[in-house]
Every structure is written in C-alpha cells, then in structure tokens.
Amino acid sequence: MSKFVKLHLVRTLNRYKELQKIKVKDVMVSGSSVITTTPESTIGEVFNEMIKHDISGMPVIDNRGVMIGYATLKNVGKYLINYPYLKVGEVMIKNPPYTTTDEDIITAFEKMIKFNKKLDQLPVINTKYPEKVFGKLEGIIFMGDIIELFYKYIIKELKNLVNLNNNNNGIKLKYQKLNNKLNNNKDI
C-alpha cells in the first residue's frame with residue numbers, strides 16, 4: 001500500500017470520527033416544519049397529507065405533543081381502499097424507533113436501517129417527558145440528510161482512495177512491463 005493510499009485511509013477514518021460527533025439536533029427538522037397527525041385522523045386524511053408533502057411517514061401525537069405512534073404510507077395504504085375512514089390510531093406503529101437530539105447521526109441511521117419496516121425518517125423526541133414511554137416530539141430526521149453527510153464526509157474520500165489505488169496499480173503494471181522489457185533485452 002502506497003504512502004498516499006495510507007494517508008487517504010487515515011483521512012477517511014478521521015472523517016468518520018468527525019461524522020460520529022454530529023448530533024441529531026444539528027441535522028433534524030423541527031418546529032412547524034414537522035408534519036404530524038393525531039390518532040383521531042382518518043387514514044384517508046393522513047394518506048392525502050403524506051402525498052401532499054411528499055413524505056412516507058408521520059409521527060402520531062396526542063393533544064400534549066407527546067408522540068404515541070408512527071404512521072407510514074405502507075401501514076396506512078394497506079387499509080386505504082376498503083377502510084378510508086379508519087382511524088390512524090388503529091393502524092399506527094405503536095412502538096416505533098426514535099432518536100433524541102443528543103444522539104449521533106450514525107446511531108440514528110442504524111436505527112432506521114435495523115427497524116423491520118425500513119424507515120427513511122425517524123422521530124426525534126424528548127425522553128425526559130415524564131408521562132409516557134415516548135416523550136414530546138422535538139422534530140424529525142431524514143435518512144436522505146444523513147446520507148448527504150455520509151457523502152460529504154466519507155464517500156468522497158473513499159473515491160479518492162479507489163482512484164489512488166487504481167493509479168498505483170496502473171503505475172505498478174507499467175513498471176512491471178518496463179522491467180520485463182529490460183530483462184528480455186538483457187537476454188539477447
């Protein structure tokens with residue numbers, strides 16, 4: 001492995017360490033930008049809101065702003081045609097994964113991936129809220145935003161590593177060919 005490849009490998013690992021320091025609160029969407037629903041909303045209403053806002057899921061909150069579940073296009077869509085007036089509270093995911101503002105984005109990303117429903121967004125809650133298992137909804141974090149940071153911090157470096165490695169292999173091949181020619185000429 002060349003000195004340049006080793007240098008870029010170290011840089012890539014350092015970039016990963018930088019990425020681990022980025023907190024959910026630095027990337028999440030919060031406030032009125034978060035689209036939510038209530039358990040009393042119908043799945044027809046929720047489906048229309050998801051389509052209108054081009055999202056695939058919504059936190060379900062009670063009148064205090066406490067997250068009590070999560071509705072996805074998939075679980076709402078199963079009932080839409082036959083039961084459009086069914087309440088979201090009856091079909092929502094009751095124990096969805098969530099993250100907190102102080103969690104790092106890599107852990108949040110892993111939660112999205114590991115959840116069997118494969119979420120592309122994750123609710124951000126305040127776990128210090130005393131009355132419920134879940135807490136007050138603080139915001140939402142999108143997988144796309146995390147992937148964008150992965151690209152910015154790591155993927156570019158990995159591409160550089162691959163290019164350097166390919167260039168080194170090309171140089172080695174040229175050197176070997178030149179060396180073979182020189183060795184063949186000596187035999188004559």
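The values are calculated or read from the model by the stated rules, or taken from the named source; none is laboratory data. Since the structure is predicted, the reported quantities are computational estimates derived from the model, not experimental observations. Every residue, glycine among them, receives a Cβ derived from its backbone with ideal geometry; neighbour counts consider all protein chains shown.
Could you identify the single residue in ILE93, ILE22, ILE55 that is touching a helix residue (DSSP H, G or I) at 6+ places or on another chain (Cβ under 6 Å) and either β-branched (Val, Ile, Thr) or crowded, with 17+ Cβ neighbours inside 10 Å (or both)?
Working: ILE93 fails: touching a helix residue (DSSP H, G or I) at 6+ places or on another chain (Cβ under 6 Å); ILE55 fails: touching a helix residue (DSSP H, G or I) at 6+ places or on another chain (Cβ under 6 Å).
After applying the criteria, what remains is ILE22.
In the stretch 66-75, the condition of being out of contact with any strand residue (DSSP E or B) (no Cβ under 9 Å at 6 or more places or on another chain) and among the aromatic types (Phe, Trp, Tyr) is met by no residue.
The single condition from (1) outside any loop (DSSP other than H, G, I, E, B); (2) within 25 Å of the chain's Cα centre (by Cα) that GLU45 fails is (2).
Of all residues in the stretch 76-104, none that is over 24 Å from VAL29 (Cβ atoms) and aliphatic (A, V, I, L, M) has its Cβ atom under 7 Å from the Cβ atom of a residue that is at pLDDT below 90 and assigned to a loop (DSSP other than H, G, I, E, B), 6 or more apart or on another chain. As an exercise: evaluate ALA71 against (1) assigned to a helix (DSSP H, G or I); (2) small (Gly, Ala, Ser); (3) modelled with pLDDT of 70 or more and give the number of the one condition it does not meet. Only one criterion in (1) assigned to a helix (DSSP H, G or I); (2) small (Gly, Ala, Ser); (3) modelled with pLDDT of 70 or more is unmet by ALA71, namely (1). Restricting to the stretch 96-113, give me the number of residues that are under 11 Å from the mean Cα position of the chain (by Cα) and surrounded by fewer than 19 Cβ atoms within 10 Å (Cβ to Cβ). Result for the stretch 96-113: 5. When VAL10, VAL46, VAL27 are screened for being in contact with a helix residue (DSSP H, G or I) (Cβ under 7 Å, 6 or more places away or on another chain), aliphatic (A, V, I, L, M) and under 30 Å from ILE154 (Cα atoms), only VAL27 passes.
State yes or no: is ASP62 surrounded by 14 or more Cβ atoms within 10 Å (Cβ to Cβ) and either touching a Cys at 6+ places or on another chain (Cβ under 9 Å) or among the acidic types (Asp, Glu) (or both)?
Values: surrounded by 14 or more Cβ atoms within 10 Å (Cβ to Cβ): yes; either touching a Cys at 6+ places or on another chain (Cβ under 9 Å) or among the acidic types (Asp, Glu) (or both): yes.
Against the criterion (surrounded by 14 or more Cβ atoms within 10 Å (Cβ to Cβ) and either touching a Cys at 6+ places or on another chain (Cβ under 9 Å) or among the acidic types (Asp, Glu) (or both)), ASP62 qualifies.
Does THR12 satisfy being crowded, with 17+ Cβ neighbours inside 10 Å, among the polar types (S, T, N, Q) and modelled with pLDDT under 95? Yes; evaluated as a whole, the condition is true for this residue. Just to be sure before I move on: is VAL60 part of a helix (DSSP H, G or I) and in contact with a strand residue (DSSP E or B) (Cβ under 6 Å, 6 or more places away or on another chain) in the structure I sent? It is false that VAL60 is part of a helix (DSSP H, G or I) and in contact with a strand residue (DSSP E or B) (Cβ under 6 Å, 6 or more places away or on another chain).
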